[in-house]
Amino acid sequence: MKQGVIKKKSKAMRILGGIGLTGMVILAATSPYFGIGLIRGLRKYNKKNKKEEWRKFYASLNYLNKRGYVKFLNKDRNSTKVKITRKGEGVIKDFDIDSLKLKKQKSWDGKWRVIIFDVPVNKNANRKAFTDKIKELGFVMIQKSVWAYPFKCYEELILLRKFYGVERYVAYFEVVNVEDGKDWRGKFNLRLR
């Protein structure tokens, strides 16, 4: 990796993007993920490798700090505030929701990614914007406020929920068996292996 260049798909870039979307985060000494729901959603949790995940997380944060992308504020024994810098904001300017795309795998793994939501009336504009975006990305409405997609999209969905301010109201499921599976496959032109 070149000095000062972050790979787009690296853990450091995901962390920087998460901090960029939230502005500033507070980390508790006992858990680096305390107060960072977005980053918690982006990481792959594995109890066996919990210490290793924390080590990688801190290493990525230190990498971002050394290169001037984030700044540690009032670091103490109990918590640390981490804020994105202007340089960091410049790096994530390409981290643009408008240009977000979902990858389509060569072969379908047989799992449906289903999202359901119940957004309150006072957030109608957020719900409409979120719905328009998932439709643009290729999700298909199965029923009112129930949408499906056949390929991996969890990390992108976490970003979208946060960006549109509907994270409390949107649930994500991975489903193998559905009653109308043949109809669902037809909507996406999918064949069984």
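Readers should treat all values here as calculations from the given coordinates under stated rules, not as data from a laboratory. A quick note: this is a predicted structure, and the numbers were derived from the prediction, not measured. So basically every Cβ, Gly included, is an ideal-geometry build from the backbone, and we count neighbours across all protein chains shown.
A few remarks follow.
- If R0 is taken as 22 Å, the Cβ-Cβ distance between D109 and V140 corresponds to a FRET efficiency of 0.80.
- Around Y169: net Lys/Arg minus Asp/Glu count, Cβ-Cβ under 10 Å: +2
- Counted by Cβ distance under 13 Å from I142, the other residues give a net charge of +2, where Lys and Arg count +1 and Asp and Glu count -1.
- Using only Cα coordinates, the Kirkwood hydrodynamic radius of segment 99-187 works out to 13.5 Å.
- Ascending count of other beta-carbon atoms within 10 Å, so fewest first, for Y69, Y154, Y164: Y154, Y164, Y69
- The residues M13, M141, when put in order of fewest to most other Cβ atoms within 10 Å, stand as M141, M13.
- Average Cα contact separation per residue, segment 99-187, under 8 Å, 6 or more apart, as relative contact order %: 44 percent
- Distance between the 7 Å Cα→Cβ label points at K51 and D132: 5.0 nm.
- Neighbours of F130, meaning other residues whose beta-carbon lies under 13 angstrom from its beta-carbon, give a summed charge of +3 when Lys and Arg score +1 and Asp and Glu score -1.
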